[in-house]
Amino acid sequence: MRILVGAMTDPVSNSVKPHPAARIELARDQAGCVVVAIGGAWQLDADLPDLDRIDAELFTEPGPASIAFETSDLVAWDSGLVSYLASLAWRCRERGIEVKEDGLPDGIQALLRLASSVPERRAEGRDEHADPFLRRFGLDFIDLARSTGEILAFIGEVTLAVRAMLSGRARFRRSELWLLVEEVGADALPIISLISFLVGLILGYIGDQQLAQFGARIFVADLVGLAIVIQMGALVTAIVLAGRTGAAFAAQLGTMQVNEEIDALRTLGISPVEFLVLPRLIALVAMTPLLAIYANLMGILGGAFAGTVVGGLSPTEYFTQTVAAIGWNHITQGLISATVFGAIVAVSGCLRGMQSGRSAAAVGEATTSAVVTSIVFIVIASAGLTIVFDAIGLS
């Protein structure tokens, strides 16, 4: 970059006059302040004074207490002068010398401020002040405790909103609820059909390979049917909804945070949890069990495809064995799990969306965090529910 200002023209011939040569002079007063007088034309294509000699005179012992500038005779300058002054100011600050920039033109002062505002680049991979392990562990534990408190507080707000809905006092748009039901339910059928069918197909192939060694291929129907109905159907549905619907909820609410729409609701005295979170929670809790039932059917069809094509079973044999193996207690386990998973996806997505910052990057982070949070708690809840079902004899 080359900046040129202060060009002098002859008003008669309208031609540029030659500029006087660049010069720099030093004067030290009794208080130890060095006045740097800069005059002439400081341009890159002109002959500049010997700056090394000036630096040697400037920083001789005893060094100056401060440096000031006088530029009344400066007629033209470009980036060459700015570069020199920036370097001079940096060396002065290293030595603890005060630099007074008041005597410089406004343009030079602005460029010097801009140059000093750019942070120094640190070499990648170098961490000269790494935190000790105990400090990092403590900070992570504090973050975990704080995030746990935020999650519990949000669950409390959602519980109050559900109570307000049961008493008929919750304020949200019913028309939006039906749109959310369509988005969560019908729009998710294609992806759930594909994933559930393939999961059933995989289970059928693996089961047939093992059971064929004992001549018990007919029990592939039991294996696939029980695995899908008890656990895999609800789990696959929940994970698909976490990546599809939970992320969408987080992005929607995060964008509302950026646009200050949630702040506007609070200003109007409307609870954002009731108006935004509650309809999404209702839609997911209502639709996830229905989607899980559909996923069960598609998973059983996938297992039937493997059992009939690879195992040589007839469709009648396979489905008869499946019906005999599956009981209402197994279906109940799957529906309870699906309902819990749907609530987890809704709460996780809305929580991260409400916690989002007010930038595009923050919305992206909230979306990613919503998916991760949903899947982690879905797996934890799945393990916990399995233990509970076994303890109460529902298995």
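Points worth noting:
- The chain, relative contact order in percent, only Cα pairs under 8 angstrom and at least six apart counted: 16 percent
- Mean accessible surface per residue for the chain, computed with a 1.4 Å probe while every protein chain stays in place, in Å²: 55 Å²
- By average C-beta atoms within 10 angstrom, highest first, the peptides 233-241, 194-202, 207-215: 233-241, 194-202, 207-215
- Sorted peptide list for 306-317, 274-285, criterion being average Cβ within 10 angstrom, highest first: 274-285, 306-317
- FRET efficiency for V372 and R93, using Cβ-Cβ distance with R0 set to 51 Å, rounded to 0.05: 0.65
- Using a probe of 1.4 Å on the protein chains alone, the accessible area found for F141 is around 130 Å².
- Dimensionless Rg ratio for the chain, taking C-alpha atoms and the 2.2 N^0.38 Å reference: 1.71
- Around L268: net Lys/Arg minus Asp/Glu count, Cβ-Cβ under 13 Å: -2
- Placing +1 on the Cβ of every Lys and Arg and -1 on the Cβ of every Asp and Glu, with nothing else charged, gives the chain a dipole about its Cα centre of roughly 1680 debye.
- T320/V388 FRET efficiency (R0 41 Å; Cβ-Cβ; nearest 0.05): 0.85
- Beta-bridge orientation, the chain: approximately 45 percent antiparallel, per DSSP, counting only bridges with both partners inside.
- Sorting V224, V388 by accessible area puts them as V388, V224; the probe is 1.4 Å, largest comes first, and only protein heavy atoms count.
- Placing unit charges on each Cβ (+1 for Lys and Arg, -1 for Asp and Glu) gives the chain a dipole about its Cα centre, and among A221, G207, A170 the Cα reaching farthest toward its positive end belongs to A221.
- Per atom type, region 210-323 shows carbon and sulfur on 68% of its accessible surface, probed at 1.4 Å.
- Ligands, DNA and RNA left out, the accessible area of region 334-395 computed with a 1.4 Å probe is 74% carbon and sulfur.
- Applying both filters, DSSP loop and at most 10 other Cβ atoms within 10 Å, to the trypsin sites (Lys or Arg not before Pro) of region 131-172 gives R169.
- Among the helices of the chain, those built from whole DSSP H runs whose Cα atoms reach 27 Å or more along their own axis and whose mean Kyte-Doolittle hydropathy is at least -1.0 are 133-166, 189-211, 278-309, 328-354, 360-391.
The values are calculated or read from the model by the stated rules, or taken from the named source; none is laboratory data. Owing to the predicted nature of the structure, the values given are computational and were not obtained by experimental measurement. Glycine gets a Cβ as well: all are built from the backbone with ideal geometry, and neighbour counts include every protein chain shown. SASA here: full protein model, heavy atoms, side chains in, ligands and nucleic acids out. Shrake-Rupley method; radii C 1.70, N 1.55, O 1.52, S 1.80 Å.
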